[in-house]
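Input: a single structure, listed below in structure tokens.
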Amino acid sequence: MEAAPDQQSPSLDDCLKLLKGERDEQRLAGLLLVTKFCKGDDLTSLRRIYDAVGTQFLDRLLRTGMGQGSTDGSDNHDAYLQLSVTVLAAFCRVIEIAASNDMVSKIPLILEILSNKSGSSILEECYEFLYLVLSANEDGVVSFFESRGLKVLAPQMSTFSDVLAGSRPMELAMKLVQLLLGKLSLGFISNACLEELSIIVAAIARQFAVLHNALKFEALHILSAIFSSELSASLHEALRVMPNGIWSDNLRIGITAILQNRVAPADKLHALILAESAVSIMGEKWFINQVNLPDAREPIPVDRCLLLVLESSRVEIAVLLNDVAYLKYEASKSSSSSNVDSILSKQRTLAIAFSLIEKIIRLVANMAADEGDLIDEDTFTKVIHGLNETIGVVLEYLQDAKEHGEKKGDDLLASVRVVGSYLAETPVACKEKVQELLPFMLSIEGNDEPSPFYSVCFLLPMLCQTTMKTEGCQVLASFGGDKAVVDCLIKMIGTHSYKVEDTDSIFLACDTIMNLLLKKEKVPLSLKDPIYINLLRTLVSWAENTDDPTVTMMASSICSLILDHSSEEALLGYPNFSRSDLHSLCRLIVKSLASNETDMVDEARADLDLQEIISSGFSRWSHRFPYIQGTVERELGHRM
């Protein structure tokens, strides 16, 4: 006996006949039947179904499901909504359909559905629809932003970053964010969107921390793109003020997982970009903040992230400096664009690693100053060893540049900066090598600098400390390094001064020059050099333009020490020093001598009694400056 044949399922052609029917009931029945054809990637069938059903019916069905338009079938709103969104998302797998104006026009409706149905089962279809339409048509991106799409997306991602962590809706939402980041040039994502963007960052950071699959790397890449974008600087403040800062703890967990495992070099770089951004926002203690999240598999040792970032940065610096040196000095000398592009790309990466090393140096310095025990002695020793190795590699790179006669470049300037940061804390580190390279380092210029300036600024903390001893002064003066410091100070306080981050550099330069001048009997200084005359004029002008007594006393002290080696006649013999300059210098000396200790702030006295330097200097050289001497006697005779 033959078995009865199975009841045949409706064919696609049967469904199409229903979809082309005159009544909505027929079309609805056809649409319900064709859902099985919407689950695959049979794009040809999807196109035929779309052409058969027509845009008007789909629009009516969607609006009915949303509770708009006809009230017929009001009891089936959710079913109609589920059906309409499901087929719309399926149709958009056909690029031509996704790119159509009809689909773009539905973006505001889909966003409204997302707003009202945040816990609905159609989240996945809504996000799939948005992702496909925005991918296919730039007008879709415009419509998304004009419909305030980010204000819908951000709170939703925040809500299901825990509930739906790693889910398909979260994956699609992240892909949507990645797509939107690629459209930054359109100008829709601006400072007005920072609150929403910070919420999105926090949600994706959560996925980065808790997932252990391919989506973890998607989160890594999206976060790296956000922190590498033009919005990064503005976003920092929005993230800094977010309550509880849990996003930064999630970043630390994710970064630690990436760096301690065997992953592609590009992914390690992405992790370093995130680490650099997190520390810039939260401060250096981010490296060692101990926070155990409730769902963490096991507590992360307090020093784990710090040591991993240090080691990864150290390796990156060693490899990158070697590659850049090869491309610059060993590879084909032809100015091929590929070589130039490769060097620029490596230099950008190098800047991230250098920044992290500088932040670790600051962390170590702050811990030493606070005498804290946030990390144990063994970890502290490992960090110092790693920093020593890194600085040694950077010094070798500078040595290579010196031997090739290369002293201009932002990579060289960045190298001096990181060396200067370390030497500021340990001025005698790598002593012989530093002394050998000091003339070269002080001569380095950035790409846009007409003459050395920032390289000197970066080394001032170290120079200020080493010149407190005679040996340090002798080393600096032996090659004319004193003039480099003088020139730097003139640029900082002159009329057309360079921009410096704070006044610390100015006073470091002043202290360094004062250290040299106070040891002039043992140090070969050429105080008759025109640059010292220019310094006199600049110091006087600097003091005239401020009411800060610290500036007055510092400027007058340096001037007094310089005048020890000159005379009124000699000064007026310089073409750039006029009698008007002499009058201004005289006013400064009179003003500083008229000051008494009660007028001086603590900062003005630092380690030296500046008033004593000025008054004792005046007693030594006043007979050679009759104009200044006469003025002082007239105005302050009863005090002198």
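At a Förster distance of 60 Å, what's the computed FRET efficiency of T503 paired with Q68, Cβ-Cβ distance as r, to 0.05? Numbers along the way, then the final one.
Numbers: r = 64 Å, r/R0 = 1.07.
Calculated transfer efficiency: 0.40.
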Q.
So the label point goes 7 Å from the Cα of E230 along Cα→C-beta, right? Which residues of the stretch 186-207 then have their backbone N under 16 Å from it?
A. 186-194
Q: Distance check, please: which entries in K382/K407; K408/K491; K382/K491; K528/K591 exceed 29 angstrom between their Cα atoms?
A: K382/K407; K382/K491
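How much area per residue is accessible in the chain when the probe is 1.4 Å and only protein heavy atoms are counted (Å²)?
47
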Q) Share of the chain's accessible area from carbon and sulfur, percent, 1.4 Å? A) 50
Q) Taking Cα pairs under 8 Å and at least six residues apart, what relative contact order does the stretch 510-575 come out at, in percent? A) 45
Q | Relative contact order for the chain, counting Cα pairs under 8 Å that sit 6 or more residues apart, in percent | A | 6
**Q.** Accessible-area ranking of R362, R262, R23, largest first, probe 1.4 Å
**A.** R262, R23, R362
Q. Rounded to the nearest 10 Å², what accessible area does W542 show when all protein chains are kept and the probe is 1.4 Å?
A. 40
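Take the Cβ-Cβ distance between F380 and E436 as r, set R0 to 25 Å, and report the resulting FRET efficiency rounded to the nearest 0.05.
Numbers: r = 29 Å, r/R0 = 1.15.
It comes out at approximately 0.30.
Got a sec? What order do R634, R417 fall in by accessible area at 1.4 Å, biggest, i.e. largest, first? Could you put the intermediate results ahead of the total?
On the way: R634 175, R417 90 Å².
Highest to lowest solvent-accessible surface, that is R634, R417.
Take each of the peptides 195-205, 521-531, 170-180, average the number of other beta-carbon atoms within 10 Å over its residues, and list them starting from the highest.
Numbers: 195-205: 23.7, 521-531: 13.9, 170-180: 21.5.
Final packing ranking: 195-205, 170-180, 521-531.
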Q. Which shape class, rounded, prolate or oblate, goes with the chain when its Cα gyration tensor gives a ≥ b ≥ c as root eigenvalues, a/c under 1.5 marks rounded, and past that a/b bigger than b/c marks prolate?
A. prolate
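Where does each of S478, S45 land when they are ordered by accessible area, with a 1.4 Å probe and the largest first?
Values: S478 90, S45 15 Å².
Solvent-accessible surface, decreasing: S478, S45.
Classify the stretch 391-433 as rounded, prolate or oblate, taking a ≥ b ≥ c as the square roots of the eigenvalues of its Cα gyration tensor: rounded when a/c is under 1.5, otherwise prolate if a/b is larger than b/c and oblate if not.
Values: a/c = 2.74, a/b = 1.56, b/c = 1.76.
Oblate.
What ranking, highest mean first, results for peptides 78-86, 274-282 when packing means the other Cβ atoms within 10 Å averaged over each residue? Mind showing how you got there, number by number?
Working: 78-86: 20.0, 274-282: 22.9.
Ranked from most to least packed, the peptides come out as 274-282, 78-86.
The values are calculated or read from the model by the stated rules, or taken from the named source; none is laboratory data. These numbers come from a predicted model, not from an experiment. Glycine also receives a Cβ, built like all others from the backbone with ideal geometry; neighbour counts cover every protein chain displayed. The protein model used for the area step is the full one, side chains on, heavy atoms only, and it has no ligands, DNA or RNA in it. Shrake-Rupley method; radii C 1.70, N 1.55, O 1.52, S 1.80 Å.
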